[in-house]
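What follows is a set of notes on a single structure, which appears directly below.
The values are calculated or read from the model by the stated rules, or taken from the named source; none is laboratory data. Source: prediction; values computed, not measured. FYI the Cβ positions are ideal-geometry reconstructions off the backbone, even for glycines, and counts take in every protein chain you see.
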There are 2 protein chains.
Amino acid sequence: MRRAVELSKANRLINHGPTVLVSSAHGGRRNVMAAAWSMPVEFTPPRVAVVIDKSTFTRELVLASGRFALNLPCRAQADLAYTVGSVSGKGAEDSTRADKFARYGIEAFDGPLLGLPLVAGCVAWLECRLIPEPHAQEAYDTFFGEVVSAQADARVFDAGRWSFRADNADLHTLHHLGAGLFAVPAQTVQAELLP
Amino acid sequence: MRRAVELSKANRLINHGPTVLVSSAHGGRRNVMAAAWSMPVEFTPPRVAVVIDKSTFTRELVLASGRFALNLPCRAQADLAYTVGSVSGKGAEDSTRADKFARYGIEAFDGPLLGLPLVAGCVAWLECRLIPEPHAQEAYDTFFGEVVSAQADARVFDAGRWSFRADNADLHTLHHLGAGLFAVPAQTVQAELLP
């Protein structure tokens, strides 16, 4: 049920603050990590920011390749999201055993524009070109990127909007509260403008 | 039920991606706007990033004062959050009528460290000193700040953790899906590490 999302609506995928999985690849190596800290920064062109710590293998791959993908894990993947956020991919430089995709049997498919490894079973995927900002990267671990492809699972994101319902609860996004406890957007409320 | 939150745990307040209200004041003028785009960027010292568009009155006040506060509205304030995110405070330069606090009868109290106007009825409050980053502000509308005071409503944030339950549903945070539709973290799921 994977469908392309218009780039002008890509920011809606992360507007509500979900935890994301950052996937990356370079020179035959690849990795995936969880990141609770990301946000859109611009509608057009669609741009995002994500915090990638200096200790991570992902950071090496992103800097070397100039690209990264944001994958949005869903409720059915809570254990996976927590695990790849807790275990480092460091060491994957020298051993295929350390590749988190392989270690945890994570199925990946190629991103449509940049060929990045995207995580199957997620509910949205954004491929991004890194916008190099050495100072922000160094001082705040903040990486800016331009979204160049966006896709979502039509069972839960349709007509440019998230549709979280009781009948698709397994596909709801994850919002990390800490220590593996995730909130899920199980209810919605429609606000009205005050007079 | 407002209680101080240790600064080392301040980032947990926004780790799960809630919509925030940015409040600011300078020279007798004040304003409040909604922002869906914010995130922590560092644990210690606690630092955050928030996107503040060039068209906003808030941006003028933040740049002039070097400070801003993040207030986390709750489900009971959905109409308020949507409204202050849809109506500009521009014009408040010359008229008290345009002050959104006054216009919508929003009760405010003084922040404990910086004296910023904090929004009553919210469930968490962070006072921040702006870390001037002219390039990030100009290129990405991204403002970095250091959190210098943090408070939360103990009915929903206790012992350093959010506690979203059915019996405090009105106090759940808001996560904007678009057009005034907010998701609320009405359920949680505890993940386990994969072997």
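Structural remarks
- Complete set of residues in the range A:32-48 that are farther than 24 Å from A:Phe101 by Cα and in contact with a strand residue (DSSP E or B) (Cβ under 6 Å, 6 or more places away or on another chain): A:Met39, A:Pro40, A:Val41, A:Pro45, A:Pro46, A:Arg47, A:Val48
- A:Ala108 within 7 Å of another protein chain (Cβ to nearest Cβ), at pLDDT 95 or above and either over 23 Å from A:Pro40 (Cβ atoms) or touching a strand residue (DSSP E or B) at 6+ places or on another chain (Cβ under 7 Å) (or both): no
- Scanning the range B:132-145 for residues being more than 8 Å from every other protein chain (Cβ to nearest Cβ) and surrounded by 18 or more Cβ atoms within 10 Å (Cβ to Cβ) gives a total of 3.
- Subset of the range B:48-74 [within 14 Å of another protein chain (Cβ to nearest Cβ) and either modelled with pLDDT under 95 or under 15 Å from B:Val148 (Cα atoms) (or both)]: B:Val48, B:Ala49, B:Ser55, B:Leu70
- Against the list (1) surrounded by fewer than 16 Cβ atoms within 10 Å (Cβ to Cβ); (2) of a type in the set (A, V, I, L, M); (3) at the interface with another protein chain (Cβ under 8 Å from one of its Cβ atoms), the condition B:Leu80 fails is (1).
- Counted residues, the range B:147-195 - those being away from chain A (no Cβ under 11 Å) and within 27 Å of A:Ala49 (Cα to Cα): 6
- Of everything in the range A:7-42 that is of a type in the set (S, T, N, Q) and farther than 25 Å from A:Val184 by Cβ, the residue that is farthest from the other protein chains (Cβ to nearest Cβ) is A:Ser24.
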